[in-house]
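Data block below; observations after.
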Amino acid sequence: QAKQQGKNNYQIYHEGMAVQTLNHLALESDLRKALSRKELLVHYQPQIDLMTGAIVGVEALLRWQHPLLGFVSPAQFIPLAEESGIICTIGEWVLRTACQQQRDWQAAGLPPMRMAVNLSAQQFQQSSLATSILQTLEETGIEPQYLELEITESAAMRDVQFTTSTLSRLVDLGVQIAMDDFGTGYSSLSVIKHFPLHTLKIDQSFVRDAPHNSSDVAIANTVVALGRGLGLKVLAEGVETAEQVEFLRSIQCDFAQGYYFSRPLPPEAIAPLLISKQVTG
Ligand code: C2E
Ligand code: MG
Ligand code: MG
Ligand code: MG
């Protein structure tokens, strides 16, 4: 089964406990070595202003090129990295790599643009987070307003008071905050208003079947209206078709990100897009 699925697929994972446990251990130990072996990479996916069509930022997305398994998706190894605690080291590495990339692009003459970086739930809980981010900003010399930290709605909802105070400390550094996968984490709307946010990212599950599925249309509309009411920007994730773009424009969603515009790409492949500031979507 696993072989049929190709070596990129960790399908074997689901076949029996013993195999699963063995794989789990092997993968975890591989992951520990991945950083020093330089198997981890960061790809970048453009974020588009729906009104102008211009690229206004990129999201940094972690990639693992495993020597035997090939490409392992972050959806598979981030949960593992969370469990084993290595996520904090990896997360700091992603942040530094993304900020260095931003600095390099600026040094090459590109105008500064938003760099969005995902924070894991564990990273978010580290008391040293704000200090570590400040240090990275100082080391790389990038302006804090161009860094946007993404926290998932489910991570944010674990402890609302803690989230509020942690986000406030981050915002004090001058960085922006996005709520990722919005709509999937059971936020109460009264809680959202306490978080110092800049962007709501509509989860791709609500974009996928829009504009045909009327529930998804209603949800997308509601998130955009909520964002507008709270003074936040709204970005739609997982945009794959011209029809979705048209729909999102019609409801005045601010930004979009998805395969329709560009897949996440290695830095050398995305640089030409950033120079032209446009993607042919
Ligand atoms: P996310 O932050 O919500 O990122 C969006 C995911 O959607 C990415 O998957 C991206 O490649 C994918 N995507 C973008 N456009 C489309 C589209 O048009 N259609 C579809 N079907 N998918 C699209 P990816 O890169 O596999 O990452 C999965 C998740 O792993 C991310 O979801 C994020 O939660 C996590 N992740 C990725 N990089 C990092 C990281 O550096 N740190 C942490 N803590 N988590 C990360
Ligand atoms: Mg994200
Ligand atoms: Mg998301
Ligand atoms: Mg996601």
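The values are calculated or read from the model by the stated rules, or taken from the named source; none is laboratory data. Here the structure is a predicted model, which is why all the values come from computation and not from measurement. FYI the Cβ positions are ideal-geometry reconstructions off the backbone, even for glycines, and counts take in every protein chain you see. What goes into the accessible areas is simple: the full protein's heavy atoms, side chains included, and nothing from ligands, DNA or RNA. Shrake-Rupley method; radii C 1.70, N 1.55, O 1.52, S 1.80 Å.
Some notes on this structure:
- Over the chain, relative contact order from alpha-carbon pairs under 8 Å, at least 6 apart, %: 18 percent
- Residues whose amide H falls under 5 Å from that of VAL234, counting only those 5 or more places apart or on a different chain, are LEU200, ASP254, PHE255, with hydrogens built in the peptide plane.
- Contour excess over end-to-end distance, with Cα ends at SER276 and GLN65 and 0.36 nm allotted per residue: 73.1 nm
- Just the protein heavy atoms count here, and of the accessible area of region 213-281 at 1.4 Å, carbon and sulfur take up 54 percent.
- Extension reserve of the ALA121-VAL160 stretch, reckoned as 0.36 nm per residue once the Cα distance is removed: 12.8 nm
- Computed in the context of the full set of protein chains, the accessible area of region 122-184 at 1.4 Å probe radius has 45% of its extent on carbon or sulfur.
- Three principal axis extents of the chain based on alpha-carbon atoms, in descending order, are 51, 45, 42 Å.
- Fraction of beta bridges assigned by DSSP in the chain that are antiparallel (%, nearest 5): 40 percent
- Computed from backbone phi with θ = phi - 60° and the Karplus coefficients 6.51, -1.76 and 1.60, the 3J(HN,Hα) list for region 250-256 is 5, 9, 6, 5, 6, 10, 9 Hz; x is used for glycine and proline.
- Remark: region 112-189 carries 42 Å² of accessible area per residue (probe radius 1.4 Å; ligands, DNA and RNA excluded).
- Virtual paramagnetic centre 7 Å along Cα→Cβ of ASP172, amide N under 13 Å, in region 66-88: none
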